[in-house]
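Q: Structure in structure tokens, see below.
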Amino acid sequence: KRREPQVELVCKALANLGRKVKTVKSSLEETRRISQDPSIKLHQVWSILKNELNMSYWRACWMNRDGERLDVVENRQIFINFFWSLVDLNCWFIWIDETSFNPWTVKFYSWIKKNSYDPVYEYPYGSPSSAICALTDQGVNFCTMRMGTNGTREWLMFLIDLEKALEKYYKDDWNYMRRRIVFLFDNASLHLSPSIYEFFTKWKLLAFTIP
């Protein structure tokens, strides 16, 4: 309780500081008010950035991404070596990935012509749609689409349906193929659940996640 007045003073000071911060917009508005010229020129913006906001235009310093860390690079090389060892064993691969579309991310405001009430586009609000797709080295494509997001249950149902579709496609060769097919997918948490592990163990299928 003794610190509450101090916090209030700090908040007031920050609020007052925010009002005094100069921006490109505020500087342009002041310039336009003085000159009575409504146009905005590029050299004015550059001048404000350089002379009033003390900014400069230079090439940004190079920063290493997390994907370029030494341990990540080493793990990637281990994965590459493991992948090529499977290729040398004449394994075939099934690549699986997911995608989704959330209608709430659609922007409903956009530029339109004056005196025109025609919308640029219209999309009804609703549940997000998602898809899980699999592609084999032979070009066999299997996909499921649904309204809503995917969880462990949907991922497991996809794998069950995929296994049935592969058995139907390869017919008499499936018993031979299943010993050489490797399932590849990313390391999302729902891919690593016990039920998924149990599925591959039960059907004696080889799968691993991409690091």
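The values are calculated or read from the model by the stated rules, or taken from the named source; none is laboratory data. This one's a predicted model, so the numbers in the text were calculated from it and none came from an experiment. For neighbour counting, all protein chains shown are included, and Cβ atoms are generated from backbone atoms with ideal geometry for every residue, glycine included. What goes into the accessible areas is simple: the full protein's heavy atoms, side chains included, and nothing from ligands, DNA or RNA. Shrake-Rupley method; radii C 1.70, N 1.55, O 1.52, S 1.80 Å.
Q: Go through segment 164-192 and report how many residues are in contact with a helix residue (DSSP H, G or I) (Cβ under 6 Å, 6 or more places away or on another chain) and over 15 Å from residue 206 (Cα atoms).
A: 3
Q: Mind listing whichever residues of segment 148-165 are modelled with pLDDT of 90 or more and open to solvent by less than 30 Å² (accessible area, probe 1.4 Å)?
A: 155, 158, 159, 162, 163
Q: Could you grab me the full set of residues in segment 131-149 that are outside any strand (DSSP E or B) and touching a helix residue (DSSP H, G or I) at 6+ places or on another chain (Cβ under 7 Å)?
A: Of everything in segment 131-149, just one residue is outside any strand (DSSP E or B) and touching a helix residue (DSSP H, G or I) at 6+ places or on another chain (Cβ under 7 Å), namely 140.
Q: I've got another one for you. Being open to solvent by 90 Å² or more (accessible area, probe 1.4 Å) and at pLDDT below 80 is the requirement here; does residue 171 meet it?
A: The answer is no for residue 171.
Q: Here is a follow-up. Among what's in segment 169-211 and is more than 28 Å from the chain's Cα centre (by Cα), charged (D, E, K, R) and not in a helix (DSSP H, G or I), pick the residue that is farthest from residue 135 (Cα to Cα).
A: Top of the filtered list is 204.
Q: Kindly evaluate residue 182 against the criterion of being surrounded by 12 or more Cβ atoms within 10 Å (Cβ to Cβ) and in contact with a Cys (Cβ under 9 Å, 6 or more places away or on another chain).
A: Taking the combined requirement at face value, the residue satisfies it.
Q: Sticking with this structure for a sec: For residues in segment 83-130 being open to solvent by 90 Å² or more (accessible area, probe 1.4 Å) and either part of a helix (DSSP H, G or I) or touching a Leu at 6+ places or on another chain (Cβ under 6 Å) (or both), which is modelled with the lowest pLDDT?
A: Taking the candidates together, the pick is 105.
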